[in-house]
Amino acid sequence: MKLEDASSGSLGPVIEVIQSILNQTGYILPALVLFIIALAIKYPNRLPGTTDPKHRPGVYFPPGADPLIGHTRMIVGFGSEGQFENFKALSDATPAGSWNVSFLGTSSMTFVNRPEYLEYIQKTNFDNFPKGSQFTGRLGDLLGVTGIFVADGHPWKTQRKQASHMFSNREFNTWVRAVIHNELDDISALLDNVTAKNGPGKLILPELMFRYTLSSFAKMAFAANLNCLSPDPDSLKRPVPFAVAFDRAQAIINDRFITPGWYIWEKFNKTGRDMRSSIKTIREFGLDIIHKRLAERQDEKKDPLAPVEGTKKEQLKKEGKDLLDFFMDLTTDPEELLIVVLNFIIAGRDTTAQSLSWLFYELMAHPEHVPKIRKEIAEKFGEPEGGVRLDYESFRELPYTVACLHEAIRLHPAVPKNGKAVMKDDVIIPQGPNPDNLPPVRVFAGERVGWSDWVMARTPAIWGADCEEYNPSRFLETDEAGKLHLRNFGQWKSHYFNAGPRLCLGMNLATYEATAFIAAVLPRFNFEWATAAQGQKSAWPPQYANSVTHPIKDPYLVNVTRVKA
Ligand code: HEM
């Protein structure tokens, strides 16, 4: 039957539409439709160009994938609630914890949630698994493409070398200690003020932690006083433009990881405008300080003790060197210095504040640890009236306290999910003794590999049957003389600080900052979960908010009382 004949029958209207389309587009549209159908047949459950799951023996391929878009619907659905619980369910589907998905915006990604695999990716064949352009692309407008947190290859190596030199330098540690003591004086005074009136004072504790780490990291990095923390409890309510902009930019970056085509939408939508205006605020603030410091450096050549107007350096001048002091030896380009500062703040600030927030929740859930921490601190450092001020290295004398902190970080890792690019086809071979007989995992060039420290913390094969419990004693051991020590599981098992050549550089700094807070505050104040009637907004147990890092959703309210009236 010819088209003309058919057009007079019941198919008439349809044929007319087809004819009109053919008249307008020639054969381009039908060819396109046929091409898409052919692609959908070739890729019935994954993105075009990705490898058939049958080439990945031992790797779980979740059901429910769609032609051409793979698991996009599933992953976007995970973005809102219970993301890590979902990751864990997928990980539990095979004994080796590996699963593969492909989704728009990221291509194919294989998750390998075992330390044995991570050692291969992050050490044995390190060069084959860089952070990659997807990471740089999503973070680059805020953090530059050469910053330590974002870069690969030569720029990363240069930054890493200089930063490692700084972190192990006594003058930097002296500066850090001066900054931390300064902040803790303010925090102690603030808590005294909160509890000054009769009855308990109320406080959003995670907000205090965020102010503590933001204020201290800005000082450690470039001696900038953000004025976000003072003895006045109302200072916690005052918005700080730099912090507001930084928080907004970070939230947008997180969304970019689950928003296909984000770079197109952001050119036109409110999110994009917010991002550009946040970056402007951050840059103006940062560059202003950096220009002052560069000018100061010129002046210092004339007068090394001259104070720096508008920076905290004038007060803490002679106490060591900050991050800018170290990096100004490497470059005097303000743009490069800004990138260094921002990478440092992003690496250190949220991670430490969130770890402290989860720790204090765990201590409220398991109050039996509080007297033991207080006893350890009192035995080692006494009970001075305004609270203890720890020296940089003295957290090593507090194994019980550090065990409580590390157990909180294990269960609530500050970087709960992470990933790398795959440069060449590879086989991830489990490293070490491999008692669980984990199979090798095949990955292909152009894909990504990922893992979740949140999931690994809850994997019995890694941490034992009680893995989901808060149990600081797993980090403790006693020597023959009965002395308590912190147990070292090695960086692959204790992977929440990352591992291999990109091991977190701030591990000791974070442990110091957090234990210094505990030692200053916990012996003097009690913290108790506020009730809903008192204004509590957080669930119990707290839920996590979806982010690049691991914040608590609806930061919790506590009642604060003094230990000694
Ligand atoms: C409890 C707090 C912290 C945790 C759990 C933590 C964890 C991590 C993790 C998992 C990474 C790897 C991130 C990635 O590859 O994408 C990392 C990298 C890094 N961290 Fe930390 N971190 C903490 C605090 C800090 C602090 C206070 C600093 C100091 C500024 C810091 C500095 C860095 C740096 C510079 C890197 C990049 C290292 C590199 O790529 O060579 N971290 N950290």
Identity of the residue in the range 381-438, in contact with a strand residue (DSSP E or B) (Cβ under 8 Å, 6 or more places away or on another chain), under 30 Å from Arg56 (Cβ atoms) and hydrophobic (A, V, I, L, M, F, W, C), that ends up surrounded by the most Cβ atoms within 10 Å (Cβ to Cβ): Ile428
How many residues of the range 195-245 are under 19 Å from the mean Cα position of the chain (by Cα), closer than 16 Å to Leu356 by Cβ and away from the ligand (no atom under 16 Å from the Cβ)? The answer is 2
For the range 80-100, indicate whether the set of residues that are closer than 16 Å to Trp451 by Cα and among the acidic types (Asp, Glu) is non-empty. yes
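If we only count helices (runs of 4 or more DSSP H) wholly inside the range 78-172, which ones have 2 or more residues that are of a type in the set (Gly, Ala, Ser)? Before the answer, list the steps.
Working: elements: 83-91, 115-119, 133-143, 153-167.
Fully inside the range 78-172 and qualifying: 83-91, 133-143, 153-167.
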What single numbered condition from (1) within 16 Å of the ligand (Cβ to nearest atom); (2) free of Cβ contacts under 8 Å to residues at least 60 places away in the same chain; (3) under 30 Å from Val194 (Cα atoms) fails to hold for Ala533? (1)
So which residues in the range 120-137 are away from the ligand (no atom under 12 Å from the Cβ) and modelled with pLDDT of 90 or more? Tyr120, Lys123, Thr124, Asn125, Asp127, Asn128
Residue by residue through the range 532-565, note down the ones that are in a loop (DSSP other than H, G, I, E, B) and among the aromatic types (Phe, Trp, Tyr). Trp540, Tyr556
Single condition Gln159 does not satisfy, out of (1) at pLDDT 90 or above; (2) of a type in the set (S, T, N, Q); (3) within 11 Å of the ligand (Cβ to nearest atom): (1)
Can you spot a residue in the range 318-329 that is more than 30 Å from Trp454 (Cα to Cα), buried (at least 24 other Cβ atoms within 10 Å of the Cβ) and in contact with a Lys or Arg (Cβ under 8 Å, 6 or more places away or on another chain)? yes
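Which residue out of Leu486, Leu522 is crowded, with 16+ Cβ neighbours inside 10 Å, away from the ligand (no atom under 12 Å from the Cβ) and under 23 Å from Thr195 (Cα atoms)?
Working: Leu486 fails: under 23 Å from Thr195 (Cα atoms).
Matching residue, one of Leu486, Leu522: Leu522.
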If Leu29 satisfies every condition in (1) within 27 Å of the chain's Cα centre (by Cα); (2) exposed (fewer than 14 other Cβ atoms within 10 Å of the Cβ) but one, which is the exception? (1)
Can you find a residue in the range 489-506 that is of a type in the set (A, V, I, L, M, F, W, C) and over 23 Å from the mean Cα position of the chain (by Cα)? no
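Out of the range 439-480, which residues are in contact with a strand residue (DSSP E or B) (Cβ under 9 Å, 6 or more places away or on another chain) and within 23 Å of Glu368 (Cα to Cα)? So that I can check it myself, show each step before the final result.
Of the residues in the range 439-480, the ones in contact with a strand residue (DSSP E or B) (Cβ under 9 Å, 6 or more places away or on another chain) are 439-455, 475-479.
Result: Phe475, Leu476, Glu477, Thr478.
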Considering Asp185, Asp247, Asp274, Asp255, which residue is part of a helix (DSSP H, G or I), within 30 Å of Ala533 (Cα to Cα) and out of contact with any Asp or Glu (no Cβ under 7 Å at 6 or more places or on another chain)? Asp247
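The values are calculated or read from the model by the stated rules, or taken from the named source; none is laboratory data. The structure displayed is predicted, hence computed values, not measured ones. FYI the Cβ positions are ideal-geometry reconstructions off the backbone, even for glycines, and counts take in every protein chain you see.
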